[in-house]
């Protein structure tokens, strides 16, 4: 490395270290905003968060920073592997944002902030029309943002997809979702025609929050979540947040009459957090610890939630503790009844509460809608009608109000392209499920609660290169194969044919 | 106002608005640090907090800001009342800090950060020697800080006292604490010789945390705390934090076998928060909302905690709810037994768990020690021995380890001069207790739970001018009198002579 390159690299590291402080502060405040901020304080807190996010953007987008990035990109052959990966990402980001001024960026932040507020109000009222204007503004902001990029892909929606899951564009996803849709509709038909009766009366029994909270701690620890490097609290819409190197936080929501909701929420979010807690030290040292894609993350969280969490072996593992903590509420429920109940398949309205099988169709609907919205084929005012039409067609259900329809998810308050990651996550993990089952006694490990072994395999095979490979490369690296919906459909068919006897 | 003055004032307001963002961020992060930050993340979080506190100091201490303050101070006759108050305070602060560079300020922040860490370790081990070096460093940092001031008072400790409680210096406090000590020792002797037996077996009964949490919500709401502008969560050492205009947060700590600890902690902290929630809008608009002194604050929190919270009327008010929530645990406890139990007087080791009567002696001891430490008469290495000697002499008790002795409080990790505020708070509120009792049927209002009336009186008479008057002026304004320990001793004597029959 020449002396000049060395100097530039040192300068870059100094800037990235400074930016980490801003990111850390913004993350802490965002976490507070979602978990603690009192209603009347939210506007002020939002302003403060935006101020620091904007300050951070000023630094990362300053002339000096840009020059450093361009210089290093032009001399990247001199750099070691992880610094190369760092510079590739920064240069990509540089091309995306070089034409964006801090004031334009602040304008967008305000659009998203406003959209969030409008969405809350619209959802509360159950009326899409309160959100309509903001949704149009979000589309416009996204379009403006893409138009300013120097490295934009020709198709608008492809850019958004690429941001969330690099390389997984419409050309690929059309095929994937087509395969998934056919497979799922076929499977759901088989399940629907099954005569199997699954007991469900106990699912809505009242379970006090403090007992549910005790159980949350238990499952998180069981699965390998490290409370010394994390924290669990409550929020309206559960999420996981990567606050800093030793700080991956999990949130949940307790419903007294839906104890399962919390359990699977915690197991899902805990999966994200376990991924975060097992990132490589060198990824942090080279500032590339934030490169994991949404699809990779969802593959892991849904692996813990569904593949592990809804398996016979896992239910066997947690059943004794469940009977102890919920001794009153679940005293007449057998292990088999619990296993069947956590796997009830039934078309429904709400994505986050959907079962493992119908879930994919919720995503297909959102993918098709985002595609149409971004291409201009679907007008903002027609969004609720199209939503309801697709739910009727694919799932056979119709929302009573927009609150349980098009307004159920927060995602469209800040952009598009995230939803496909959920379905990709399922597909990815079904592919690596085959691998882990070859490499170790996977079911036995779950049965024994040997998460040390499972997490070690995940760390070595799934987590390790997530920050340096694209999803396609990463999938190939783990499984030797390319994306396909088939392993996921096969996994579901094998599992549910036993539960529903077909 | 001349045009130039107008321009300067506008510039100052712009800077203060910017500083508010930093203060808001630092407060949110400090709150997170005390309530949520996981053990392994604390160092990083502390670094980030210090970084932004230091950035904030850079702005407030910049050449441009200093010049604006000096200009406005020299032209303050042109300003309206509240801006005058603003400038007086800023100019005072300017004289204090004009010789402090950001790097020196960061050095002090690190001393305090280190002291906190050492104190935690020392307390855990019960050994003062792990904290000794840091305590010496805190004394040295305080001395260095005072030496750099342009407006330092001649006596070192007077400066620290003045920072906490303007105008309440040694000359005044020596008299006050002398009167207090004699009065309390005499009263404690009478109580000790009483034959009255107070039932206490139920105080250590196990009460589940979730029931205690339900009761916390109840008392906070009852007393007039507004949850739309606040938040309650748990921490190691309960505190209240003024995060932003509509955000005054309360923390507590639950012990399963000390249900009273939480109740009085919440009532005390809730008092601070009610004070914050009732500051005047114009105090915020003129950036003087942070001028309330510690003594004023403690007078209010201890008014709610003791004068109201431990009164017969308040116990009568909360008794039915207490019996409902703790129906199992307190089923055999009468209202009178509860009233007597919350007022048990007994010399003990821990300040925060001390009763209303012996509490003052814990403060006398700390005042005498701080005075000796700051004058150099007491050496750092002799601190634990002196502590134990004074506890033996004044309270007749001896700590088994330093953890329940000299290491019990966190305060000395960041400086000196705060402790007297607690005792002053008691004296202040005993003085305005006389006033409120003249102006309204105070006891009746408590009995009826009419906190609207009580808080309205407090707002008009106690809260209103707290940001613009010094403690002495404020006390005169409320009561027409000057500081004296007598009303407090009288209040205690009247109350406890009935409980202990002397």
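All of the numbers you see were taken from the coordinates with simple rules; none came from a lab. It should be emphasised that the depicted structure is a prediction, and the values quoted were computed from it without experimental measurement. No Cβ is skipped: glycine too gets one built from the backbone with ideal geometry, and neighbour counts run over all protein chains shown.
Directionally averaged projected area (segment A:243-316, Cα convex hull): 5.8 nm². Compared with the dominant principal axis of the Cα atoms in chain A, helix A:3-35 is inclined by about 40°. Decide, for segment A:170-499, between rounded, prolate and oblate: order the square roots of the alpha carbon gyration tensor eigenvalues as a ≥ b ≥ c, take rounded if a/c falls under 1.5, and otherwise choose prolate if a/b is larger than b/c, else oblate. The shape class here is rounded. So, R0 is 25 Å and r is the distance between the beta-carbons of residue B:147 and residue B:63; what FRET efficiency does that work out to, to 0.05? Plugging the Cβ-Cβ distance into 1/(1 + (r/R0)^6) gives 0.65.
With a 10 Å cut-off around each Cβ of A:29-35, the average count of Cβ atoms from other chains is 3.
In chain B, the beta carbon lying closest to the axis that superposes B onto A belongs to the residue given here with its whole-angstrom distance, B:210, 2.
Quick check on segment A:170-499: of the DSSP beta bridges with both residues there, what percent are antiparallel, nearest 5%?
45 percent
Nearest 0.05, what FRET efficiency do residue A:328 and residue A:204 give at R0 = 22 Å with Cβ-Cβ as r? Taking R0 as 22 Å, the efficiency between residue A:328 and residue A:204 is 0.90.
With the simple model of a label 7 Å out from the Cα in the direction of the Cβ, residue A:400 to residue B:490 spans 6.5 nm. Helix A:63-74 and the long axis of chain A differ in direction by around 80°, with both axes built from C-alpha atoms.
Reducing segment B:293-338 and segment B:466-492 to their Cα centroids gives an inter-centroid distance of 25 Å.
Modelled label positions at residue A:502 and residue A:81, each set 7 Å beyond Cα in the direction of Cβ, lie 4.7 nm from each other.
Straightening the chain between residue A:470 and residue A:43 buys 149.9 nm, computed as 0.36 nm per residue apart minus the Cα-Cα spacing. Distances between copies of residue B:217, taken at a point 7 Å out from Cα along the Cα→Cβ vector and listed shortest first: 2.0 nm.
With an a/c value of 1.5 or above and a/b not larger than b/c for the gyration tensor axes a ≥ b ≥ c computed over the alpha-carbon atoms, segment A:398-502 is described as oblate. Centroid-to-centroid, using Cα positions, segment B:3-33 and segment B:368-385 are 38 Å apart.
So, by mean Cβ neighbours within 10 angstrom, what's the order for B:330-339, B:297-306 with the highest one leading?
Ranking, from highest mean packing down: B:297-306, B:330-339.
Comparing Cα centroids, segment A:49-100 and segment A:124-149 end up 28 angstrom apart.
Secondary structure note: in the protein assembly as shown, about 45% of the DSSP beta bridges are antiparallel. Counting only alpha carbon atoms, the long axis of helix B:486-499 and the longest principal axis of chain B meet at about 20°.
Site pair residue B:313 and residue A:236 shows an inter-label distance of 4.0 nm when each label is modelled 7 Å from Cα along Cα→Cβ. In chain B, Cα pairs under 8 Å separated by at least six residues give a relative contact order of 19 percent. Kirkwood radius and radius of gyration were both taken over the C-alpha atoms of segment A:1-143, and their ratio Rg/Rh is 1.09. Given axes a ≥ b ≥ c from the Cα gyration tensor, I'd like to know whether the protein assembly as shown is rounded (a/c under 1.5), prolate (a/b larger than b/c) or oblate. Prolate is the answer for the protein assembly as shown, as a/c is 1.5 or above and a/b outweighs b/c. As a calculated quantity, the FRET efficiency between residue B:443 and residue B:410 at R0 = 30 Å, using C-beta atoms, amounts to about 0.25. Peptide A:46-59 shows a mean partner chain C-beta count of 2 within 10 Å per residue C-beta. Each copy carries a label point for residue B:282 at 7 Å from Cα toward Cβ; from one copy, the others' points are 6.5 nm away, ordered from shortest.
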